[in-house]
1. Kindly provide the set of residues from the stretch 64-86 that are open to solvent by 20 Å² or more (accessible area, probe 1.4 Å) and either among the polar types (S, T, N, Q) or in contact with a strand residue (DSSP E or B) (Cβ under 6 Å, 6 or more places away or on another chain) (or both), ordered by number.
2. Taking the stated definitions as given, is Ser38 of a type in the set (Ser, Thr, Tyr) and either under 24 Å from Pro12 (Cα atoms) or at pLDDT 95 or above (or both)?
3. Considering each residue of the stretch 92-101, count those that are in contact (Cβ under 8 Å) with a residue 12 or more places away in the chain and either open to solvent by 40 Å² or more (accessible area, probe 1.4 Å) or within 20 Å of Ala11 (Cα to Cα) (or both), and give that number.
4. Answer yes if at least one residue in the stretch 26-34 is more than 26 Å from Arg129 (Cα to Cα) and surrounded by 11 or more Cβ atoms within 10 Å (Cβ to Cβ), and no otherwise.
5. Tell me whether the stretch 102-123 contains one or more residues that are without any contact (Cβ under 8 Å) to a residue 60 or more places away in the chain, open to solvent by 80 Å² or more (accessible area, probe 1.4 Å), of a type in the set (Asp, Glu) and in a loop (DSSP other than H, G, I, E, B).
6. I'd like to verify a number: residues in the stretch 51-63 that are open to solvent by 40 Å² or more (accessible area, probe 1.4 Å) and touching a strand residue (DSSP E or B) at 6+ places or on another chain (Cβ under 8 Å), how many?
Amino acid sequence: MEIRRATADDAPTMRTLWAEFNAEATYTPYPGSEFEDSLLIDQLAFLAEDAGEPVGCVYAALPSDLYGFVFGLYVRPTARLAGLARRLMITVAAELRNQGRRYIVLSVDTPNAAARALYDDLGFIDAARTLRVDIRELLGGHTITLTKRKLD
C-alpha cells in the first residue's frame, strides 16, 4: 500500500474516487459538489494505491497558517477495515505539521458512525457544531420582501 501526494496527472483517478465518495456521502447540511482540477492544485491531495490500483484519497484545504481543513476522506469498500483511512489521516496530519500547522479541523455527518468512531479514536473532539434547517421550514408561511436602498 502506497500513499502519495496526488498530482494533476492523477486528475482522472481522483475524479473517479470523488464520484464514488459523492455516491455514498449523505452531505449534511449541503449537497456534494463536482470534482474540480483545482482540488489538486489549491489543496493538499493524497492518493492511496494498492499494487497500482487506487483505493482511497483525502484532501485538506489550507485556510489558515494554524490549521488544515480535511475533507473528502474516502476508502473504496474493497479496501475498508484495513486501517487505510487512519493511514490517510496520519499522512495528511504529518504534512500539515511539516507546514507548521497545529490543528486539523473537519466536519463529519452525524449519521456516519464509522467515520465518527475513527475520528474519536484519532483524538478529535467535538469543538463546534454545524446545524441546518430547510429555509421553507424556517420561514413557514412568512413572506418577506426586501427592498433595495439606493446609496448616495
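1. Of everything in the stretch 64-86, those that are open to solvent by 20 Å² or more (accessible area, probe 1.4 Å) and either among the polar types (S, T, N, Q) or in contact with a strand residue (DSSP E or B) (Cβ under 6 Å, 6 or more places away or on another chain) (or both) turn out to be Ser64, Tyr67, Phe69, Phe71, Leu73, Arg76, Thr78, Ala85.
2. It is true that Ser38 is of a type in the set (Ser, Thr, Tyr) and either under 24 Å from Pro12 (Cα atoms) or at pLDDT 95 or above (or both).
3. Residues flagged as in contact (Cβ under 8 Å) with a residue 12 or more places away in the chain and either open to solvent by 40 Å² or more (accessible area, probe 1.4 Å) or within 20 Å of Ala11 (Cα to Cα) (or both) within the stretch 92-101 amount to 4.
4. No, the stretch 26-34 has no match at all.
5. No.
6. 2
The values are calculated or read from the model by the stated rules, or taken from the named source; none is laboratory data. Keep in mind that what you see is a predicted model, and the values were worked out from it rather than measured. For neighbour counting, all protein chains shown are included, and Cβ atoms are generated from backbone atoms with ideal geometry for every residue, glycine included. Ligands, DNA and RNA are excluded from the accessible area calculation, which covers all protein heavy atoms including side chains. Shrake-Rupley method; radii C 1.70, N 1.55, O 1.52, S 1.80 Å.
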